[in-house]
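Participant: First the structure, which I've put down as structure tokens, then a few questions once you've had a look.
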There are 2 protein chains.
Amino acid sequence: MIDRRVFLSGMGIAGLETLLPRHLSSTALQSANRAAHMSNAPGMRGIRLMEDCLEIDGRKTFLISGEMHYFRAPKADWRRRMELFKEASGNCIATYIPWAVHEPQPGKFLFESGDGVHDFESFLGAAGAAGLLVLVRPGPFVGSELIHGGIPDWLIKGHPELLARTIDDKHLGDTVSYVHPIYLENVTRWFRQVCPIIARHTVQQGGPVAMMQLDNELTGLHLWRGSLDYNRESMGIGKSGGRYPDFLRGRYDGVASLNDAYGAHFESFETATPISPDRCKCLADLRRAKDYFEFYLGTVQEYARILAGLARENGIGVPFCHNAGEPNMSPLFLETLRSQGKDFLLGTDSYYNLGQDRPDNPTAPASVDIFCSMEMLRIMGYPPMVFELQGGSPYNWPPIQAGDCAAWYRMHLAYGMKGSNYYVFSGGPNPPRLGQTSDDYDYGAAIGGGGEIRPLYGAQKEFGTFLMDNEWLAEAEREADFHVALDFDLPRSLRYWKYNGEQLFSNPSAWEFLRKGLLTSSFCAALSPAFCDLGSDAWLGDGQMPLVVIGSSCMATAKQERIVRFLENKGSALITPTLPAYDEIFKPSTILSDFLGNPMVRNQQREVVRIDIAGAHNITSNGAVFTTTKLPAGAEVLGVDEFSGDVIAWQLTTKGGGKAIFLGMSWSHGRIEHQQLVSTLLARLGAQSKITCTNPAVWTSLRTKGNRSVLFLMNLFSQPADADVTCQPKSRNATVKLGRVHLEPMTVKCIEV
Amino acid sequence: MIDRRVFLSGMGIAGLETLLPRHLSSTALQSANRAAHMSNAPGMRGIRLMEDCLEIDGRKTFLISGEMHYFRAPKADWRRRMELFKEASGNCIATYIPWAVHEPQPGKFLFESGDGVHDFESFLGAAGAAGLLVLVRPGPFVGSELIHGGIPDWLIKGHPELLARTIDDKHLGDTVSYVHPIYLENVTRWFRQVCPIIARHTVQQGGPVAMMQLDNELTGLHLWRGSLDYNRESMGIGKSGGRYPDFLRGRYDGVASLNDAYGAHFESFETATPISPDRCKCLADLRRAKDYFEFYLGTVQEYARILAGLARENGIGVPFCHNAGEPNMSPLFLETLRSQGKDFLLGTDSYYNLGQDRPDNPTAPASVDIFCSMEMLRIMGYPPMVFELQGGSPYNWPPIQAGDCAAWYRMHLAYGMKGSNYYVFSGGPNPPRLGQTSDDYDYGAAIGGGGEIRPLYGAQKEFGTFLMDNEWLAEAEREADFHVALDFDLPRSLRYWKYNGEQLFSNPSAWEFLRKGLLTSSFCAALSPAFCDLGSDAWLGDGQMPLVVIGSSCMATAKQERIVRFLENKGSALITPTLPAYDEIFKPSTILSDFLGNPMVRNQQREVVRIDIAGAHNITSNGAVFTTTKLPAGAEVLGVDEFSGDVIAWQLTTKGGGKAIFLGMSWSHGRIEHQQLVSTLLARLGAQSKITCTNPAVWTSLRTKGNRSVLFLMNLFSQPADADVTCQPKSRNATVKLGRVHLEPMTVKCIEV
């Protein structure tokens, strides 16, 4: 496994350390360090973070949590609902603690009125009595379909200056600017009230609270409204001593160097301004937009660090966690992770549907995203967690159905989920005038607003029972046939990179090609990829495993060098669809191309490209195509365009005995030829599937621990599917023949092999 | 039913008549008129177009056609495949006749080589012998995953000047500019060769050819590449006597009037230029973009008229047809229909999936689009036809499954499809070097490239058998509970309207609200809407039927007046979410608002709106909201925002005894409250569902002819569904209780009631 400290090398992030406000930093960081190991003692009650799974109350097992809001569920029904969740194999309850509920007027805190809405201490008591752990989520922002996401209305209305802003200085809805001084002042007051109460109930104090989440879906509130935060006051744009000029000063030697990088004419760092991603017209613009994006993420890590410091200062000794708002958002927290230390757990949220604009049910494309999500968390060094796993929807159209959820849950397990929290397990009425959608936050949950038990409860119970019957799966890992070198710059680029110059294969295009092309074709071919972090050396020793490199036009120097080292060390790599020409700050960099003998590769606009490659014919590119107009010395041509005769693919033995295949095409998986292409090229590099499956619509995942293996077979379509299946788990010497397997629509079968 | 001549009134289209090239017009139109009634004699062999269905060989029945390409299917297997299709109740075969196949070199026509690739006369003979009619589709553009869509490579390569252009004068891929003189010259030569051959085999000559399609998916090749055609030569932009200045001259009194309308300073019509829809910043810009869009559609109708004229000149006496490329594209042909006369049949293409960017299977949102498509064709006066009904895919991922197709077919029938053509029924090898995707155009069709019979054949046979067993359904109509006044300007606006000013509820927003809001809520409530054409008077007499008006900010004067007349005549209407403030050319126009007593209605940006309306609570708007700040005299408040107290809905008895409800909110259907809202308000206007269905995820359609009715029950989800169902068909006096009905995943049940 990967050392968590290593994976950030090569990220090229600078200057973030300078961002913490001085009055908070020393105490907060000391508290953080002091508390860091409190919950990490082996064998104790609570949650301990291991590399590949969690240890819960001393036992390596799955976290099975269900969200249940004390401020929504009737107090008299708390215990019954908790017992129901225990019956479904649950071991943890999660709850938001909404600021707006507990500070209804400035400075007037309300925790102890007898009603359930305010009395979360009794709720913690009930959970403890039921033998459940608790994950607390006190915000400050919680979302949860509450007005202002649970931030008090008096604060938002009274201080519009703390709202986030677009680059054109317009409000970004009612979202806050994380590091605005007035916001932070109020946040500090909130945490100083709520944290000591939580602290009385942590596992160290014999209570049930085993983990605390810092804020909620950080960055999501801004990004989902289409913008970063450009609040001039909190970001300090144009301000002497402001965060933005300080960041620029940390990154550039002087203003001349800044102007050189941006193609601009600023007189000082203080007069420098960001550029909107929508308005980038050249690489210099893109550099400027990327800088601001990284600066913004720096303020997010600063905010998270302030929250962590406040919590530790106020007695919280349990691990922290955070939920990336979408499967592809976890890489936005690389900066944050670096400053949070070891007692921090990053997970994601996972919903297949939240309204009409998304597919009605779990689909194959959604499953590719979940694979990426689980794998990204794994290579960051985390046992993959889903802190919000679909357990209903704020909408009741489209309907969230129990059978679809059952498939969704098992699909996550197939791809490596080691813990989850149903959002929500139990619904109920909203606190008066705080709900956004309705007085009743029923959510279509397993336990409805009125306490009724829904079919979804059956699906969750069935899944929980399966997990407890197969607790060993918490330590099982996926058997992989090849590595995909994941460049975290690709998913991160989705949030700032709108520019596409001539000849440029952009990072967002590369991310799309990875998902819709390479991975989808691999799954159809029953090949099992695993990610490895292109920003880390940890996987370099594993020379056995063939590597796929998704080559965008811009790749960090250190990452190019790492691929070179892999090849020099007898590694085998498929590089597709292009070779980098620039580094991570968009300066010319051709390290990888130089190593491969400087082939001339150029982007071709063609109506039709049909490639004949290593025995596979008629492979259509429906994406970007790069022809090689000058082959490197010693290269063997593998594939040509059947129409033009242009060279599209070649193979080379590199210095040091490596084997490199270059394939100059991207594609969106659309035809069986694409899966033949991937199988053929990977077989040339020594990869062979451990699984055979005659139906490309049945996707597979083989998970093994020691001498036990489970094969997951997924039918993510609305029709039944049949397939002849075999597999060769590490745990067996022979091929296991499963014969013909039948799968009902939208189901995932788990077969121990 | 609607008189086909009427529905264009109020379209505001001017100057199109002037566009036909003089050398073609007189002969072509005379031929067209002469031939128009040739195929229209009752009882004769062939296809006769009726108002509500087709008459085929003298019998009112369904057109059941299957696409089978002679240039792909092996000649030796033609007859067997045709017999298979007849066994599946087919009565027609359709085929493209690709220009590139038959004119491989300029002027060298190849029709009679012995191989099947060129010998379409033998193919027609085989179809005739099998007793099947034939729908011929000789282009000139055919698409069909052929290179250049079947236009000869020598023409495209030899004359790049005939390619379509973006507003920035870049090529729009390899697509042609329809009215470019060199293109039309070559098209004329092609039609003069191919039409006389076809003419020898029409039904009038005792052959099987019963219909001919003009070109293919007109406008799609441009619009799907994101642009209209701005080829300066064919469009005559900046050219004296050019089409564009002539169009402008026909529309504006003089250049001063043009400049006034566009907020521009052109010196003459000849120097006027269009504006890109992406760059519109005010209503004057929008007016200029809309003018160009209508001008472009005028050139499309000119092209279609030239093709029709050429065909008639060259002996084709059968009806013409055309396939709009997408369900929402049929309104782009209003200009074309006006010039084609009565012997012309407009239909659409219908695919639920053509690759990874679309849902894997038929879904509820797709079903709303199909409803709109069928209803739009019906109110244009056509029996709704689907000239390409999904019968596979050029991709084999995602898989197109027989069960999903079976649901897709029956869903179309539920919404009124009266004839269809499976694209494709039979696959086969591409002609050498003409295929875009692969040498094998298998298409996953019912009959595969190698002649194999697939499960999809079973689904088509089952559907065909059902249609023949229930031929009376061809004359059945949907039982509707209320009318939706369809403004064709809404779906048309999708192609040119990117601008959204303050306070403006745009036509594209209105179209989205219609689909995702009003219709989806109605279907969940088991209410049955029917469209009526807001551009026609035909439905005005039907005062019984409550009317829903989707009010955008811009509505043609004639359409506003028509709503007023409806209300003056004791009509009942729900108007939502806003009242028009401008007419169709974006000049102030408040006829409807004036009639309603001039309420003050303004767009509110609110974080939360929760409406309490006529007994239904907590109705959330997740779209635009319009509050009424000054109520009309005599209005009764129906609904207020629970948070602000603002008036959102009111009811008024109008002059002449009409009943008007104004509801100032749009929504995307997301909660049960939305269906309660629609039910409540429509009930106030006298509409009541003839169907009750306890499961909102089971959608319904009741079709009746005389004393026979079929109730369609649709489960478009991947899980089974149950519902308690009753209905009251016109054909019965009593309520029919169906009890609890069970539906398998993704199935449509047809129950005769």
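Computed from the coordinates by the stated procedures, all read-outs in this text should not be read as laboratory data. Treat the numbers as computed from the prediction; the structure is a model and nothing was measured. Every residue, glycine as well, gets a Cβ built from its backbone with ideal geometry; the counts of neighbours run over all protein chains shown.
Participant: For the range A:42-79 and the range A:535-611, write down the distance between their C-alpha centroids in whole Å.
Facilitator: Cα centres, the range A:42-79 to the range A:535-611: 43 Å.
Participant: Taking the label point as lying 7 angstrom from Cα along the Cα-to-Cβ axis, what are the distances from residue A:590 to the corresponding position in the remaining copies, in ascending order and in nanometres?
Facilitator: 6.7
Participant: Within the range B:136-155, list the residues whose amide N lies under 18 Å from a label point set 7 Å along Cα→Cβ of residue B:225.
Facilitator: What the label zone holds, given the 18 Å backbone N cut-off, is B:140-155.
Participant: In peptide B:349-358, how many Cβ atoms from other protein chains are near each Cβ within 10 Å, on average?
Facilitator: 2
Participant: For residue A:453, go 7 angstrom from Cα along the Cα-to-Cβ vector, then report the distances to that same point in the other copies in nm, smallest first.
Facilitator: 5.0
Participant: Under the √(5λ) rule applied to the eigenvalues of the Cα gyration tensor, what semi-axes describe the equivalent ellipsoid of the range B:462-513? Give them in Å, descending.
Facilitator: After scaling each eigenvalue by five and taking roots: 39, 14, 8 Å.
Participant: Rounded, prolate or oblate: which one fits chain A, using the alpha carbon gyration tensor with axes a ≥ b ≥ c (rounded when a/c is under 1.5, else prolate when a/b beats b/c, else oblate)?
Facilitator: Taking the square roots of the gyration eigenvalues as a ≥ b ≥ c, chain A is oblate.
Participant: What distance in nm separates the simple spin-label points at residue A:688 and residue A:561, each placed 7 Å from Cα in the Cβ direction?
Facilitator: 3.8 nm
Participant: Please name whichever of A:182, B:451, B:686 sits farthest to the positive end of the charge dipole of the protein assembly as shown, dipole taken about the Cα centre and charges placed at Cβ: Lys and Arg +1, Asp and Glu -1.
Facilitator: Farthest along the dipole direction, towards plus: B:451.
Participant: Run the simple label-point estimate for residue A:752 and residue A:260 please: 7 Å along Cα→C-beta, distance reported in nm.
Facilitator: The modelled label-to-label distance comes out at 6.5 nm.
Participant: At 7 Å along Cα-to-Cβ for each site, give me the label-to-label distance between residue B:724 and residue B:57 in nm.
Facilitator: Inter-label distance under the simple model: 4.8 nm.
Participant: Starting from the Cα-Cα distance between residue B:644 and residue B:614, subtract it from 0.36 nm times their residue separation and give me the gain in nm to one decimal.
Facilitator: Answer, rounded to one decimal: 9.1 nm.
Participant: PRE reach from residue A:471 (point 7 Å along Cα→Cβ): which of the range A:54-83 fall under 20 Å by backbone N?
Facilitator: Hits in the range A:54-83 for residue A:471 at 20 Å: A:54-66, A:83.
Participant: To continue, here is another question. With the cut-off at 20 Å, tell me which of the pairs A:60/A:705; A:461/A:730; A:418/A:516; B:705/B:730; B:60/B:418 have Cα atoms farther apart than that.
Facilitator: Flagged as over cut-off: A:461/A:730; A:418/A:516.
Participant: To continue, here is another question. Pairs to check: A:281/B:498; B:108/B:170; A:239/A:281; A:570/A:749; A:281/B:170. Give those whose C-alpha atoms are more than 29 Å from each other in this structure.
Facilitator: Violating the 29 Å Cα-Cα cut-off are B:108/B:170; A:570/A:749.
Participant: Further, regarding this structure: Can you work out the Karplus-derived ³J(HN,Hα) for every residue in the range B:216-229? Use 6.51 cos²θ - 1.76 cosθ + 1.60 with θ = phi - 60°, whole Hz, and x for glycine or proline.
Facilitator: 8, 6, 3, 6, x, 4, 7, 4, 5, 9, x, 8, 7, 8
Participant: For residue A:654, which sequence-distant residues (separation of 5 or more, or a different chain) have an amide H within less than 5 Å of its own amide H, given hydrogens modelled in the peptide plane?
Facilitator: Close amide H contacts, sequence-distant or interchain: A:659, A:660.
Participant: Among B:646, A:77, which comes first, second and so on when ranked by fewest other beta-carbon atoms within 10 Å?
Facilitator: The fewest-first ordering by Cβ neighbours comes to A:77, B:646.
Participant: Let a ≥ b ≥ c be the square roots of the eigenvalues of the Cα gyration tensor of the range A:479-689; is it rounded (a/c under 1.5), or, if not, prolate (a/b larger than b/c) or oblate?
Facilitator: In terms of gyration-tensor shape, rounded.
Participant: Here's another thing I want to ask about it. According to the Cα gyration tensor, what semi-axes, each the square root of 5 times an eigenvalue, does the equivalent ellipsoid of the protein assembly as shown have, listed from largest to smallest in whole Å?
Facilitator: With the √(5λ) rule applied to the protein assembly as shown, the semi-axes are 52, 40, 34 Å.
Participant: Additional query: Let a ≥ b ≥ c be the square roots of the eigenvalues of the Cα gyration tensor of the range B:620-728; is it rounded (a/c under 1.5), or, if not, prolate (a/b larger than b/c) or oblate?
Facilitator: oblate
Participant: Taking 0.36 nm per intervening residue step and subtracting the Cα-Cα distance, what contour gain separates residue B:636 from residue B:110 on full extension?
Facilitator: 181.9 nm
Participant: Kindly point out which whole DSSP H helices in chain B project their C-alpha atoms 24 angstrom or further along the helix axis while averaging a Kyte-Doolittle hydropathy of -1.0 or above.
Facilitator: Those that pass (Cα extent of 24 Å or more, hydropathy at least -1.0) are B:181-199, B:283-313.
Participant: Moving on. Based on the Cβ-Cβ distance of residue A:267 and residue A:168, what FRET efficiency does E = 1/(1 + (r/R0)^6) give at R0 = 22 Å, to the nearest 0.05?
Facilitator: The pair residue A:267/residue A:168 has a calculated efficiency of 0.45.
Participant: Counting helices only, and only those DSSP H runs with n ≥ 4, report the 222 nm mean residue ellipticity of chain B as the sum of -39,500 (n - 2.57) divided by its residues, in deg cm²/dmol to the nearest 500.
Facilitator: -8500 deg cm²/dmol, from helical runs alone.
Participant: Under 14 Å Cα-Cα from residue B:655, which aspartates and glutamates qualify once same-chain neighbours fewer than 8 residues away are excluded?
Facilitator: Answer for residue B:655, where 14 Å is the Cα cut-off: B:561, B:568, B:594, listed by chain and number.
Participant: Report, please, the projected area of the range B:692-752 averaged over directions, based on the convex hull of its C-alpha atoms, in nm².
Facilitator: So the mean shadow area of the Cα hull is 3.6 nm².
Participant: Give me the number: length gained by fully extending residue A:159 to residue A:433, i.e. 0.36 nm times residue separation minus the C-alpha to C-alpha distance, one decimal in nm.
Facilitator: Using 0.36 nm per residue and subtracting the Cα-Cα distance, I get 96.6 nm.
Participant: What is the calculated FRET efficiency for residue B:570 to residue B:731, with r their C-beta to C-beta distance and R₀ = 35 Å, to the nearest 0.05?
Facilitator: 0.80
Participant: If each label sits 7 angstrom from Cα along the C-beta direction, how far apart, in nm, is residue A:240 from its counterparts in the other copies?
Facilitator: 6.7
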